[in-house]
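This report refers to the structure that appears directly beneath it.
The values are calculated or read from the model by the stated rules, or taken from the named source; none is laboratory data. Remember, it's a predicted structure, so these values are computed and weren't measured experimentally. Note that each Cβ is placed from the backbone with ideal geometry, even for glycine, and that neighbours are counted across all protein chains shown. Note: areas computed on protein heavy atoms with side chains; ligands, DNA, RNA excluded. Shrake-Rupley method; radii C 1.70, N 1.55, O 1.52, S 1.80 Å.
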Amino acid sequence: MIRIKNLTRYYQMGPTTVKAIDDINLSIGGGEFVSIIGPSGSGKSTLMNIIGCLDSPTSGTYSLAGEETAALSKDMLAEIRNRYIGFVFQNFNLLPRESAVENVELPLIYAGVPSKERRQKALGILKRVDLEGREFHLPNELSGGQRQRVAIARALAVNPKILLADEPTGALDTKTGAQIMELFRELQSEGVTLIMVTHDRDVAAQGRRIVEIRDGHILTDVPVEEWRK
Amino acid sequence: MKTFKFTESLKMSLRSITSNKIRSFLTALGVMIGVAAVITLVALGNGSQKAVESSLQSLGSNLLIVYSGQPKGPSLVRRNTTNIAPALSEDDLEFINSLPESMVLHAAPESSASGQVKYGNANTGATVVGTDTGYTAIRNYYPIYGSFFAQSDINARKPVAVIGAQVYKDLFDDGFDPIGQKIRINGIGFKVVGIMEEKGSSTTDTQIFIPISTFQKYISGSSKYALINIQAANLDSMRELQKFLEDELLHMHRLPSMDAADFYIANQLDLLSTMEGVTGTFTLLLASIAAISLIVGGIGIMNIMLVAVTERTREIGIRMALGAKSKDILSQFLTEAIILSVGGGLIGILIGISAAYGASRFGGMASVISVQSILLAFGFAVITGLFFGGYPAYQASKLDPIEALRYE
Ligand SMILES: Nc1ncnc2c1ncn2[C@@H]1O[C@H](COP(=O)(O)OP(=O)(O)OP(=O)(O)O)[C@@H](O)[C@H]1O
Ligand SMILES: [Mg+2]
């Protein structure tokens, strides 16, 4: 599903080059549940942005479902993001002037879903992330954890094949976090490929495979059972 | 696959417009003023053109005027004749009157002076015009009450007067029958015999007509005329008639050429075309002022849309990250600009029509609202929205999603 070869992503900051990702090779198959861990600034979000077709590598290749992403046009990438990828951003990226349900509807608008159907679907997903009764609140009327769940609901709106979640439980207490993990496992059983970035080792352990990143390199890449030891 | 629909753009735009009402209003205001200005100013320009045309037409038809003195350029309509030294003689008039009806229908001499008119305690200023009975037909200007003076009055040099509509209003109470009343013009007593119809022009309506012979005896003391009004037999031969009269009068005055002449002839055709030219330029000028204000309105839209795009960079990034394509973003911002300009345009049309109507109803200005100017202004507003809104919308659509997402 995902094949990354010799991938680098550099940022040029004046005279210095920041190597956010430095020669990463990674393959992830359909239906996997991968946890990415690593210290702050190690390049996790940068990698997620590339996998999510938002950013492009400085060098190396990334192919998604057999397609070289470098060869795809801006609009085709937009369509891939819309139809196949759900992205939970580290900082949520909700539209501040739109209510929870409208935020969840956004990707459905661009998928061309008629408004009634859209609304119904969005309400259903909000229920699934336990946000009943908060549907018509604006993001600034919601708690951090509630916002995070709106972001998760939005990523799930178009039934993505791949769910990319950058710190999806960062703002949640253990109990709600566990509920989200429950949801993720359900999704995995439905065949969704899950890639999750987290600091929390317990949360990371919910994944089936652990990739540890440091300074833009992959340090370890092992099944969860092996990692636990 | 279903595509992003126009209705979605429309909803998003309306939302963003209503979420910042004052700003949206101010943005649309530029276009509103522009469109209203085009409609009002063109209406006033057209109105003044029509007014000038009809006042020229009301001078009479097929009119030639022989003036005393040197011509003062081609564009003068009707010189203030009260201070022309009269140079046209009875011989000149007789010669013109002797021409066959296939050339000249009527001719009437005219001399005028400004005068102070009194009736009881009321008094007013007026132009006292001495003329003969042919005047009414030539100028197509008749008494509405009583009658014009007769040939017998001229022969007997009678002190009788036909007063203009404004003179009547100034001197008499409304509804009072002035016929037979004695008024004093520069201290000389005249008997009122008629009231002229109202022409709506202050120059025309403040005149008092008296027999030319009486004028010569009591007012000018000269036997010459300031001018001679001539009604030509037909429009097509007016220029030939003018040339013929010039030649004959030069001969009679023993003068070598028109350069040395003590008279000149104005032709209604020339006046008409000159005035049309002048008012046409006037209308064009007003229209260009208005068009400039429309462009300024457009720049206002562009300015606000550029600000909006910058302000909403993050929103654009989020929308792109969730699958918005370039054309979706383009259509969202373009729709917003077009709603502002079209909305402003529609309100501007209402304002423009009301202002033009108000100017003629309450401001006494002639205005003729033209459908073309409405269509033109509105079309211009739409194009303004497309053009000036197009650039910011294009900028928005070309943003890089990840850069836009990082924008603070
Ligand atoms: N737009 C940018 N310009 C310059 N440097 C950047 C940019 N984005 C990220 N970086 C740098 O790249 C490195 C990796 O950043 P990244 O956001 O991927 O870290 P992370 O692993 O997600 O960290 P955290 O756990 O704190 O979220 C950091 O050193 C960061 O400073
Ligand atoms: Mg990060």
Quick one: in the range A:163-205, which of the residues that are more than 14 Å from ligand 2 (Cβ to nearest atom), within 14 Å of residue A:48 (Cβ to Cβ) and of a type in the set (A, V, I, L, M) is surrounded by the most Cβ atoms within 10 Å (Cβ to Cβ)? A:194
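Determine if the range B:294-308 includes at least one residue that is in contact with a strand residue (DSSP E or B) (Cβ under 9 Å, 6 or more places away or on another chain) and either more than 30 Å from residue A:157 (Cα to Cα) or within 14 Å of chain A (Cβ to nearest Cβ) (or both).
no
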When restricted to B:9, B:48, B:19, the only residue at pLDDT below 90, within 14 Å of chain A (Cβ to nearest Cβ) and open to solvent by less than 40 Å² (accessible area, probe 1.4 Å) is B:9
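So, of the residues in the range A:52-63 that are of a type in the set (Gly, Ala, Ser) and within 12 Å of another protein chain (Cβ to nearest Cβ), which turns out to be farthest from ligand 2 (Cβ to nearest atom)?
Per the criteria, the residue is A:56.
Restricting attention to the range A:3-20, and to residues there that are among the β-branched types (Val, Ile, Thr) and modelled with pLDDT of 95 or more, which single residue is farthest from ligand 1 (Cβ to nearest atom)? Lay out the reasoning, then the answer.
So the first thing to find is which residues in the range A:3-20 are among the β-branched types (Val, Ile, Thr), and the list is A:4, A:8, A:16-18.
Of the ones still in play, those that are also modelled with pLDDT of 95 or more are A:4, A:8.
Details: A:4: 15, A:8: 12 Å.
Selected residue: A:4.
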Output the residues belonging to the range A:47-70 that are touching a residue at least 40 places away in the same chain (Cβ under 8 Å) and among the β-branched types (Val, Ile, Thr). A:50, A:51, A:58, A:61
Within the range B:322-370, restricting attention to residues that are open to solvent by less than 40 Å² (accessible area, probe 1.4 Å) and of a type in the set (S, T, N, Q), which residue is farthest from the other protein chains (Cβ to nearest Cβ)? B:367
Out of the range B:309-321, which residues are within 12 Å of chain A (Cβ to nearest Cβ) and surrounded by fewer than 19 Cβ atoms within 10 Å (Cβ to Cβ)? B:311, B:314
Only one of A:218, A:213 is surrounded by 22 or more Cβ atoms within 10 Å (Cβ to Cβ), of a type in the set (A, V, I, L, M) and in contact (Cβ under 8 Å) with a residue 12 or more places away in the chain; which? A:213
Selection from the range A:64-111 of residues that are more than 10 Å from chain B (Cβ to nearest Cβ), crowded, with 20+ Cβ neighbours inside 10 Å and assigned to a strand (DSSP E or B): A:64, A:88
Could you tell me whether residue A:36 is within 26 Å of residue B:319 (Cβ to Cβ) and either more than 14 Å from chain B (Cβ to nearest Cβ) or within 16 Å of ligand 2 (Cβ to nearest atom) (or both)? no
Is there a residue being among the aliphatic types (A, V, I, L, M) and either more than 30 Å from residue B:234 (Cβ to Cβ) or open to solvent by 70 Å² or more (accessible area, probe 1.4 Å) (or both) anywhere in the range B:132-143? no
I'd like the full set of residues that are open to solvent by 50 Å² or more (accessible area, probe 1.4 Å) and in contact (Cβ under 8 Å) with a residue 24 or more places away in the chain, limited to the range B:254-268. B:262
Filter result (free of Cβ contacts under 8 Å to residues at least 24 places away in the same chain and assigned to a helix (DSSP H, G or I)) within the range B:138-174: B:151, B:152, B:169
Return a yes/no flag: does the range A:42-51 have any residue that is away from ligand 1 (no atom under 16 Å from the Cβ) and either within 14 Å of chain B (Cβ to nearest Cβ) or among the acidic types (Asp, Glu) (or both). no
If you take the residues in the range A:171-198 that are of a type outside the set (A, V, I, L, M) and in contact with an Asp or Glu (Cβ under 7 Å, 6 or more places away or on another chain), which one is modelled with the lowest pLDDT? A:179
